[in-house]
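The values are calculated or read from the model by the stated rules, or taken from the named source; none is laboratory data. Since the structure is predicted, the reported quantities are computational estimates derived from the model, not experimental observations. Methodologically, a virtual Cβ is constructed for each residue, glycine included, from the backbone with ideal geometry; neighbour enumeration extends over all protein chains shown.
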Amino acid sequence: MDSSSAASDIAKDITNFIRIYKDGHFERSYVFDVVPPGIDPSTGVNSKQVVYSPETNMFARLYIPKNATQTRKLPLLIFFHGGAFIVESAASSLYNNFHNLVVSEANIVVVSVEYRLAPEFKLPIAYEDSWNSIKWVEKHVNGNGPESWLNDYVDFEKVFIGGDSAGGNITHHMAIQSGLGRLDGITDWK
């Protein structure tokens, strides 16, 4: 397809993010780089990736500070990344670097949530994935969930949720959901 006919086939163009064509296909113009989890050499923060929803293969990236011990439980931040619901990832270098710094400075545990993106997956899928991630975290409240880092290092009386951009919107929706009494084990949401 030449560029002159391509322009007439565009249904929506969000500059620097995505171009959606009338036939339904799309091109993301914003490309993020994915980095592997592991120990960050500048902060000593350790991270790993775990699947919180085997049905959808959605994952979270977990971060613990270098001084984490099982004898002193730490506050937890569940974080939802931004990106206008159409770009970015919990595994991107932007969020990996941010979480390494936050975990190191605040001495907390972070669960950075991946959710399915539009336009492949229309809203409310991002909210549903995010809610499933919170329900997965909730399984660890009594110390016998599937992820040892959450069982061993998290003080479930100090749970915070946050995010930026689209993640801020998700945070709002998750706060409403949790405020409706849909979580039993987490006692103090911030």
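Points to keep in mind about this one:
- Candidates Leu123, Leu94 - the one that is part of a loop (DSSP other than H, G, I, E, B), of a type outside the set (Ser, Thr, Tyr) and either at pLDDT 95 or above or surrounded by fewer than 17 Cβ atoms within 10 Å (Cβ to Cβ) (or both): Leu123
- Selected residue (only one of Lys66, Lys12 is surrounded by fewer than 17 Cβ atoms within 10 Å (Cβ to Cβ) and in the same structural domain as Tyr127 (by TED's automatic domain parsing)): Lys66
- From the options Ser47, Ser29, residue that is out of contact with any Lys or Arg (no Cβ under 6 Å at 6 or more places or on another chain) and either assigned by TED's automatic domain parsing to the domain that holds Asp155 or among the small types (Gly, Ala, Ser) (or both): Ser29
- Residue within region 16-34 that is within 28 Å of Glu138 (Cβ to Cβ) and not polar (S, T, N, Q) present: yes
- Residues of region 27-75 that are hydrophobic (A, V, I, L, M, F, W, C), assigned to a loop (DSSP other than H, G, I, E, B) and at pLDDT 95 or above: Val35, Val45, Ala68.
- Matching residues, region 37-71, being in contact with a strand residue (DSSP E or B) (Cβ under 6 Å, 6 or more places away or on another chain) and small (Gly, Ala, Ser): Ser47, Ala60
- Long-range neighbours under 6 Å by Cβ, at least six apart or interchain, first residue without any contact (Cβ under 8 Å) to a residue 12 or more places away in the chain within region 47-59, second not in a loop (DSSP other than H, G, I, E, B): Val51/Phe59
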